[in-house]
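Below you'll find the structure, written out as structure tokens, and then a few comments.
The values are calculated or read from the model by the stated rules, or taken from the named source; none is laboratory data. A quick note: this is a predicted structure, and the numbers were derived from the prediction, not measured. Note that we place each Cβ from the backbone using ideal geometry, even for glycine, and neighbour counts take in every protein chain shown.
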Amino acid sequence: MAMPSEPIFVSVQTHNFCLNEQQQALFKSCNANAEIGAVASFVGLVRAENNIMEAGSAHSGKLRALYIEHYPAMTEPVLRRLCEQVLEKWQLITCRVIHRVGTIPTGEQIVLVMVGAEHRAAAFAACECIMDHLKTSAPFWKKAIFEHDEHWVAAKQTDQAKVEQWSD
Amino acid sequence: MLSVKYFASLREQLGCNSDNVEFVAGETLAQLAGRLANKHAGSLSDIQQPTTRCAVNQQVVELTVVPVDGDEIAFFPPVTGG
């Protein structure tokens with residue numbers, strides 16, 4: 001299998017992204033285009049429902065946006081290492097991760113994971129594996145901005161349990 | 001000296017995102033967290049929560065780790081990205 005010129009792309013950015021453009025970029029960045037038999041992608045969005053907070057926590061009004069903070073010196077290296085590990089584990093041809101930071105209104109995209117592999121099983125699994133690890137290891141923090149107040153979102157135990165399923 | 005960074009709820013609770021503190025040889029990160037809580041009396045109590053995470057030079061480590069002079073230390077709550 002010919003190796004792609006830039007198999008991994010990682011971006012932490014304030015601006016939105018276009019899924020079609022990202023798929024074109026995935027093919028363009030990869031000179032082994034013809035080897036790709038499967039592309040799987042995951043896009044996470046800001047849900048308008050306000051059940052983002054733990055049950056019983058008080059908040060006021062509708063969810064307007066999420067504010068996402070990160071640790072700039074650490075975030076991209078963590079995401080890049082994660083992509084390298086998953087690329088090797090699932091023998092991917094290419095993968096890309098985009099995560100937005102700053103204030104993101106409801107309905108907008110937050111995160112993209114897109115992978116190219118020879119077959120669908122590896123593409124589906126790798127995509128999910130990257131997301132599960134991203135949620136528990138990449139230094140991002142979400143704050144829910146409601147109409148009348150705002151609250152930091154607590155980490156979910158279910159996310160931790162999910163990532164542990166991937167340990168060999 | 002140690003450069004200390006705070007993120008998310010810890011940053012907000014303290015009202016600033018970084019701190020420079022004297023290096024104390026042999027001090028663990030848990031002990032450093034206690035020293036920082038005392039330094040910022042009342043405004044950084046969450047740093048000693050059992051859920052608080054720590055990174056040294058951008059690598060997540062246990063609070064039993066002993067940093068070396070000049071390290072960049074970060075304290076933060078569990079991550080919630082994605």
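Hey, can you tell me all the residues within region A:143-168 that are among the charged types (D, E, K, R) and exposed (fewer than 11 other Cβ atoms within 10 Å of the Cβ)? Before the answer, list the steps.
First, the residues of region A:143-168 that are among the charged types (D, E, K, R): A:143, A:147, A:149-150, A:156, A:159, A:162, A:164, A:168.
Correct list: A:GLU164, A:ASP168.
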Any hit, region B:37-48, residues being surrounded by fewer than 16 Cβ atoms within 10 Å (Cβ to Cβ), at the interface with chain A (Cβ under 10 Å from one of its Cβ atoms) and under 24 Å from A:VAL153 (Cβ atoms): no
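Filter region A:105-133 down to residues that are more than 24 Å from B:VAL61 (Cβ to Cβ) and within 10 Å of chain B (Cβ to nearest Cβ) and give me whichever is surrounded by the fewest Cβ atoms within 10 Å (Cβ to Cβ).
A:MET131
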Residue pairs, Cβ under 6 Å, 6 or more apart or interchain, first in region A:134-162 and more than 10 Å from chain B (Cβ to nearest Cβ), second among the aromatic types (Phe, Trp, Tyr). List them. A:ILE145/A:TYR67
Can we say B:GLY42 is part of a loop (DSSP other than H, G, I, E, B) and out of contact with any strand residue (DSSP E or B) (no Cβ under 9 Å at 6 or more places or on another chain)? yes
Take the residues in region B:58-82 that are aliphatic (A, V, I, L, M) and surrounded by fewer than 21 Cβ atoms within 10 Å (Cβ to Cβ); name whichever of them is farthest from the chain's Cα centre (by Cα). B:VAL68
Residue, farthest from B:GLU12 (Cα to Cα), within region A:122-149, restricted to residues that are modelled with pLDDT under 95 and among the charged types (D, E, K, R): A:GLU147
